[in-house]
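Just so you know, all these numbers are worked out from the coordinates, no wet-lab data involved. Note that the coordinates shown come from a computational prediction; the quantities given were computed from them, not determined experimentally. Methodologically, a virtual Cβ is constructed for each residue, glycine included, from the backbone with ideal geometry; neighbour enumeration extends over all protein chains shown.
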Amino acid sequence: MKIIAFGASSSRQSINKALASYTASLIDGAEVTVLDLNDFDMPIFSEDKEKEFGIPNEAQAFVDAIAQADLIIASFSEHNGSYSAAYKNVFDWASRIEKAVYQDKPIVALSTSPGPGGASSVLAQAVNSMPFFKGNVVGSLSVPNFYDAMKDGEIVDASVKQSIQDILSKV
């Protein structure tokens, strides 16, 4: 099984990328590729820029990575109640190539934050919109208080660990 995992954040120390990577590592025998949104740095999407310069190669690379996956594990950071600008920009450019950005792939949708909200607002947005872009959400989980739930690269909160296992059992 080929898994694409990413944190929908541009932070080099993204806790969402850590959560997505950890979750992907729990699937025995999987070939995991962890994407870093910083590798998909593009101009801010606009139709004017698309007309003037065309679609950036980075957008095609993102679409191609999704095409190679059997499963997507995405963990969404919340910036002021919504997607990070980095993720939204990659998504907007990718949708110009392929409206069905998620290409009928199964998706495990996650979110986390240092606080008690666990980025649940953006997770709800993601889960609700993914079907419109051919994303098959098999499960979702908001993880509050990331630094209490994960230590040294491992989930230490037993209920969070069980919830992740329950979602992965559906894959």
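Restricting attention to the stretch 17-65 and to residues that are in a loop (DSSP other than H, G, I, E, B) and among the β-branched types (Val, Ile, Thr), the residue that is farthest from residue 92 (Cα to Cα) turns out to be 27.
Inspection of the stretch 90-97 identifies no residue that is assigned to a helix (DSSP H, G or I), free of Cβ contacts under 8 Å to residues at least 12 places away in the same chain and over 12 Å from the mean Cα position of the chain (by Cα). Within the stretch 1-56, the set of residues being within 11 Å of the chain's Cα centre (by Cα) and without any contact (Cβ under 8 Å) to a residue 24 or more places away in the chain comprises just one member, 21.
For the stretch 102-112, the count of residues that are touching a helix residue (DSSP H, G or I) at 6+ places or on another chain (Cβ under 7 Å), within 25 Å of residue 153 (Cα to Cα) and surrounded by fewer than 18 Cβ atoms within 10 Å (Cβ to Cβ) is zero. Restricted to the stretch 107-145, and to residues there that are touching a residue at least 60 places away in the same chain (Cβ under 8 Å) and part of a strand (DSSP E or B), the residue that is nearest to residue 76 (Cα to Cα) is 111.
Flag: residue 160 matches the condition of being touching a strand residue (DSSP E or B) at 6+ places or on another chain (Cβ under 9 Å), over 22 Å from residue 66 (Cβ atoms) and in a helix (DSSP H, G or I).
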